[in-house]
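Q: I have a structure here, written as structure tokens, and I will follow up with some questions on it.
The values are calculated or read from the model by the stated rules, or taken from the named source; none is laboratory data. Because the structure is predicted, anything quoted here is derived from the model rather than measured. Note that we place each Cβ from the backbone using ideal geometry, even for glycine, and neighbour counts take in every protein chain shown. The accessibility values were calculated without ligands, DNA or RNA, using every heavy atom of the protein model including side chains. Shrake-Rupley method; radii C 1.70, N 1.55, O 1.52, S 1.80 Å.
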Protein chains: 2
Amino acid sequence: PRAVAAVSEKRKDAFGEEKKLAEAPSSLLKKGPDGWTSPMCEKFEKVIRQVQDEVCAAIEELDGKKFREDSWEREGGGGGISRVLQDGNVFEKAGVNVSVVYGTMPPEAYRAATGSTEKNGAAPGGAGRIPFFAAGVSSVVHPKNPMAPTCHFNYRYFETNVPQDVEGAPRAWWFGGGTDLTPSYLFDEDVKHFHQTLKDTCDQHDESFYPRFKSWCDDYFMIKHRGERRGLGGIFFDDMNDRDAEEILAFSTACGKAVVPAYIPLVAKRKDEPFTEEQKAWQQLRRGRYVEFNLVYDRGTTFGLKTGGRIESILMSLPLTARWEYDHQPEEGSEEWKLLDACKNPKDWV
Amino acid sequence: PRAVAAVSEKRKDAFGEEKKLAEAPSSLLKKGPDGWTSPMCEKFEKVIRQVQDEVCAAIEELDGKKFREDSWEREGGGGGISRVLQDGNVFEKAGVNVSVVYGTMPPEAYRAATGSTEKNGAAPGGAGRIPFFAAGVSSVVHPKNPMAPTCHFNYRYFETNVPQDVEGAPRAWWFGGGTDLTPSYLFDEDVKHFHQTLKDTCDQHDESFYPRFKSWCDDYFMIKHRGERRGLGGIFFDDMNDRDAEEILAFSTACGKAVVPAYIPLVAKRKDEPFTEEQKAWQQLRRGRYVEFNLVYDRGTTFGLKTGGRIESILMSLPLTARWEYDHQPEEGSEEWKLLDACKNPKDWV
């Protein structure tokens with residue numbers, strides 16, 4: 001049985017206070033007039049909870065330590081299950097969350113979220129608040145050994161409904177997600193294995209996916225003020241609704257299931273490599289860059305922090321420890337320089 | 001500094017690339033048609049460079065290690081002198097910068113910077129770009145010992161000129177600044193000494209200053225998503241131009257000169273206190289909060305990062321090391337809890 005943690009400090013926000021649950025509920029969805037569900041919501045919740053279970057099981061097996069689990073729900077709608085393994089044998093910090101949120105958002109927020117007023121033809125006239133639903137699994141895994149890379153993934157599904165005071169506009173929906181790798185040291189064969197596994201997964205659904213989503217990932221994880229990416233990419237997609245929802249669900253499911261084979265072998269291979277204090281310090285500097293990206297640019301993080309998400313779940317992505325040295329410049333040609341070069345100039349890995 | 005930052009959306013475009021100088025120039029100001037100077041600019045530069053010298057001398061004396069100095073200038077105008085002491089005997093990281101920036105900003109940026117279209121009666125009609133000048137000293141000092149507090153201060157002066165295509169609007173100017181303390185452990189007498197020194201300084205200029213600027217400081221350094229402040233405050237003011245510029249210069253000078261007596265004795269007193277590993281970890285968690293505030297909320301940092309400031313000078317404020325533990329809750333009544341309580345509920349210290 002997983003440890004149940006004390007209720008975190010309660011915060012008032014858009015969706016009401018978090019209420020701690022004694023254990024994870026069989027479903028985070030609620031039926032009836034105050035709830036939100038649809039066949040796709042139900043299917044997607046099953047997928048993300050399965051992915052959470054699979055990834056956590058693989059991490060626990062490698063680490064030997066168990067995840068702590070916190071479940072919560074909100075009066076305003078939705079809830080979540082956060083699992084964290086901190087200061088383990090292999091992992092410094094590993095977090096795997098599922099969450100479901102629903103409520104209404106003002107039209108400006110809808111436009112900001114969709115980048116358009118006409119997604120799926122649902123063009124809210126700007127008058128009413130838009131009922132929305134969002135569910136996702138989100139994870140960041142930071143190993144201890146600087147030779148073992150960090151991995152992040154997130155798969156999410158959105159639905160919106162007709163605005164409260166506009167009649168007849170169709171329901172909108174879309175999928176988004178991605179999986180990406182952030183090493184401190186560059187082992188070409190590791191990065192190739194990671195990208196190849198993602199490409200194979202993509203190719204089984206659409207051969208145009210990998211090249212498009214690989215570039216999208218390189219663009220998204222840019223630390224603009226540094227002119228370097230957070231890591232060595234993977235895949236990233238958003239606003240996906242250009243085909244049957246069942247097809248995209250199948251693709252998202254396959255991506256979720258690809259996390260373990262893409263990533264876990266890399267940690268298994270590197271977790272016991274010898275390393276120096278200098279190499280550990282370099283890892284810590286890269287962790288600092290990770291913090292910079294997440295707090296300054298990551299949409300999920302910045303949006304979550306400013307709109308009342310569950311802080312501890314959002315900031316679970318931050319490493320246990322990080323470091324900032326003034327004007328650190330790796331020596332040209334060094335292993336550190338090679339990693340940085342690959343973050344500045346994305347390569348084709350497969 | 002707000003005004004500087006809002007100038008451009010692209011790095012390096014607005015001011016050109018940084019050119020490293022072999023040594024600090026006698027002045028960062030430049031005369032002539034491509035430069036910017038005024039009697040107040042010259043006086044203010046002298047003040048901030050003197051403050052930089054005094055604070056660095058006091059830190060070096062306590063630490064035994066010397067600052068590294070980097071000077072640079074930009075084709076587009078201005079330059080800076082960054083001094084950093086990293087991994088010293090007493091200090092984990094201490095940075096003291098002076099910088100001067102000038103150029104032109106679009107009217108929207110001017111309005112964003114001033115919060116008004118009518119500052120000092122200079123109401124640019126929205127047409128032309130506004131020539132501006134900004135100079136400041138900015139510093140963050142992180143000691144190693146968790147019983148010794150972090151200190152931040154910043155004093156700045158702005159001038160704008162008539163818009164390029166509007167005639168006759170008067171020149172605008174204002175001062176801003178502040179000094180604040182961020183302990184990991186609460187020693188009432190230390191915080192009192194710090195606030196009392198600032199209050200004495202304020203009182204010599206205007207008895208309304210300390211109460212107003214103390215509240216302003218408590219408001220500004222709020223980590224909104226945590227519902228807690230970064231630290232235990234001090235003073236903060238901005239947009240100050242409600243009296244003779246010479247008076248405000250004298251006040252800013254006095255504030256700059258108060259940094260050493262307000263802060264350095266606290267580090268001298270605490271630098272050799274014994275501490276446990278747990279206490280060091282708590283300091284590291286508070287450093288994490290420092291990073292959260294600076295990267296998510298601090299105007300100077302966020303605008304600087306997004307608009308092409310010198311990254312290493314801006315991020316000098318970040319600690320050498322920081323830590324994020326999932327859902328860390330200090331035990332009620334513990335020393336850690338007392339500090340957090342004081343960050344959540346600001347007190348009157350004098």
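Q: When the Cα centres of region B:215-241 and region A:261-277 are compared, how far apart do they sit, in Å?
A: 43
Q: Another question about this same structure. Within region B:276-350, what whole-number % of the accessible surface is contributed by carbon and sulfur, with the 1.4 Å probe and all protein chains included in the calculation?
A: 45
Q: Tell me, what does the Kirkwood hydrodynamic radius of region A:220-350 come to in angstroms if you use every pair of distinct C-alpha atoms? It would help to have the intermediate numbers written out before the result.
A: Details: mean 1/r = 0.0574 Å⁻¹.
Hydrodynamic radius (Kirkwood, Cα pairs) of region A:220-350 is 17.4 Å.
Q: Against the longest principal axis of chain A, how steep is helix A:277-296, in degrees 0 to 90 to the nearest 10, with axes from Cα atoms?
A: 20
Q: Which of A:245, A:22, A:258 moves the most in a Gaussian network model of chain A with Cα springs under 10 Å?
A: Per the Cα network of chain A with a 10 Å cutoff, A:22 tops the list.
Q: Given label points at 7 Å from Cα along Cα→Cβ, what nm distances, shortest first, separate residue B:269 from the same residue in every other copy?
A: For residue B:269, the other copies' label points sit at 5.6 nm, shortest first.
Q: Given a 1.4 Å probe and heavy atoms of the protein chains only, how would you sort A:99, A:139, largest accessible area at the top?
A: Values: A:99 40, A:139 0 Å².
Heavy-atom accessible area, descending, gives A:99, A:139.
Q: So the label point sits 7 Å from Cα along the Cα-to-Cβ vector; using that for residue A:247, what distances do you get to the other copies, in nanometres, sorted shortest first?
A: Sorted ascending, the copy-to-copy spacings read 7.3 nm.
Q: Still on this model: My understanding is that a pair violates if its Cα-Cα distance is over 23 Å; which of A:31/A:66; A:65/A:271; A:20/A:144; A:199/A:347; A:144/B:65 do that in this structure?
A: Numbers: A:31/A:66 33 Å; A:65/A:271 15 Å; A:20/A:144 30 Å; A:199/A:347 14 Å; A:144/B:65 32 Å.
Over 23 Å apart, Cα to Cα: A:31/A:66; A:20/A:144; A:144/B:65.
Q: Could I get the Rg over Rh figure for the protein assembly as shown? Both from C-alpha atoms, Rh via Kirkwood, rounded to two places. Walk me through the numbers before you get to the answer.
A: Values: Rg = 26.4 Å, Rh = 27.1 Å.
Here the Rg-to-Rh quotient is 0.97.
Q: Accessible area per residue, 1.4 Å probe, Å², for chain A: what's the number?
A: Working: 14190 Å² over 350 residues.
Computed with neighbouring chains in place, this is 41 Å² per residue.
Q: How large is the accessible surface of residue A:198 in square angstrom, using a 1.4 angstrom probe and rounding to the nearest 10?
A: Estimated to the nearest 10 Å², residue A:198 gives 0 Å².
Q: How far, in degrees from 0 to 90, does helix A:245-270 lean away from the longest principal axis of the Cα atoms of chain A, to the nearest 10?
A: For A:245-270 against chain A, the angle is about 20 degrees.
Q: OK, next. Cα to Cα, under 13 Å, and not fewer than 8 places away if on the same chain: which aspartates and glutamates meet these conditions relative to residue B:19?
A: Correct list for residue B:19: B:70, B:73, B:75.
Q: Now for a different question. Which one of A:213, A:317, A:349 has its Cα pushed farthest toward the positive end of the charge dipole of region A:194-350, where Lys and Arg give +1 and Asp and Glu give -1 at the Cβ?
A: Of the listed residues, the answer is A:317.
Q: Evaluate the distance, in nm, between pseudo-label points positioned 7 Å from the Cα of residue A:43 and of residue B:276 along their respective Cα→Cβ axes.
A: Each label point lies 7 Å from its Cα, and together they span 5.4 nm.
Q: Rounded to whole Å, give me the distance from the Cα center of region B:19-34 to that of region A:309-350.
A: 34
Q: Suppose R0 equals 35 Å. What FRET efficiency, 1/(1 + (r/R0)^6) with r the Cβ-Cβ distance, do residue A:243 and residue A:302 give to the nearest 0.05? Don't skip to the end; give the middle numbers.
A: Values: r = 30 Å, r/R0 = 0.86.
So, using R0 = 35 Å, E works out to roughly 0.70.
Q: Test of understanding: what is the full-extension gain from residue A:129 to residue A:54, defined as 0.36 nm times their sequence separation minus their Cα-Cα distance?
A: Details: separation 75, 0.36 × 75 = 27.00 nm, distance 3.72 nm.
23.3 nm is the gain from fully extending residue A:129 to residue A:54.
Q: While we're looking at this one, here's another question. With every protein chain in place, what's the accessible area of residue B:192 (1.4 Å probe, Å², nearest 10)?
A: 100
Q: Total Å² of accessible surface buried at the B-A contact, 1.4 Å probe, nearest 100?
A: Numbers: alone 15230 and 15790 Å², together 27790 Å².
Counting protein atoms only, the buried area is about 3200 Å².
Q: Largest first and in whole Å, what are the equivalent-ellipsoid semi-axes of chain B based on the Cα gyration tensor, each being the root of 5 times an eigenvalue?
A: The answer is 34, 21, 19 Å, longest axis first.
Q: Just to confirm the number: angle between the C-alpha axis of helix B:209-220 and the first principal axis of chain B, 0 to 90 degrees, nearest 10?
A: So the helix axis and the longest Cα principal axis differ by about 80 degrees.
Q: I've got another one for you. List, shortest first and in nm to one decimal, how far the label point of residue B:188 (7 Å from Cα along Cα→Cβ) is from its counterparts in the other copies.
A: Label point to label point, same position, other copies: 6.6 nm.
Q: Right, next: For chain B, what is the calculated [θ] at 222 nm in deg cm²/dmol (nearest 500), taking -39500 (n - 2.57) for each run of four or more DSSP H residues and dividing by its residue count?
A: Working: 10 runs with 133 residues, N = 350.
Helices in chain B give a 222 nm mean residue ellipticity of -12000 deg cm²/dmol.
Q: Not counting ligands, DNA or RNA, and with a 1.4 Å probe, what is residue A:338's accessible surface area in Å² rounded to the nearest 10?
A: Near enough 90 Å² of accessible area.
Q: For chain A, with a Gaussian network of springs between Cα atoms less than 10 Å apart, report the residue from A:143, A:183, A:274 with the top mean-square fluctuation.
A: Sorting by GNM fluctuation, first place goes to A:274.
Q: Ok, one more. In whole Hz and in residue order, list the ³J(HN,Hα) couplings for region B:143-152 that follow from phi through the Karplus curve 6.51 cos²θ - 1.76 cosθ + 1.60, θ = phi - 60°; x for Gly and Pro.
A: x, 6, 5, x, 7, 9, x, 7, 10, 10
Q: Next question, about the same structure. What distance in nm lies between label points placed 7 Å from Cα along the C-beta direction at residue A:268 and residue B:22?
A: 6.0
Q: Follow-up. Testing the spin-label approximation: label points 7 Å from Cα along Cα→Cβ at residue B:334 and residue B:347. State their distance in nm.
A: About 2.0 nm separates the two model spin labels.
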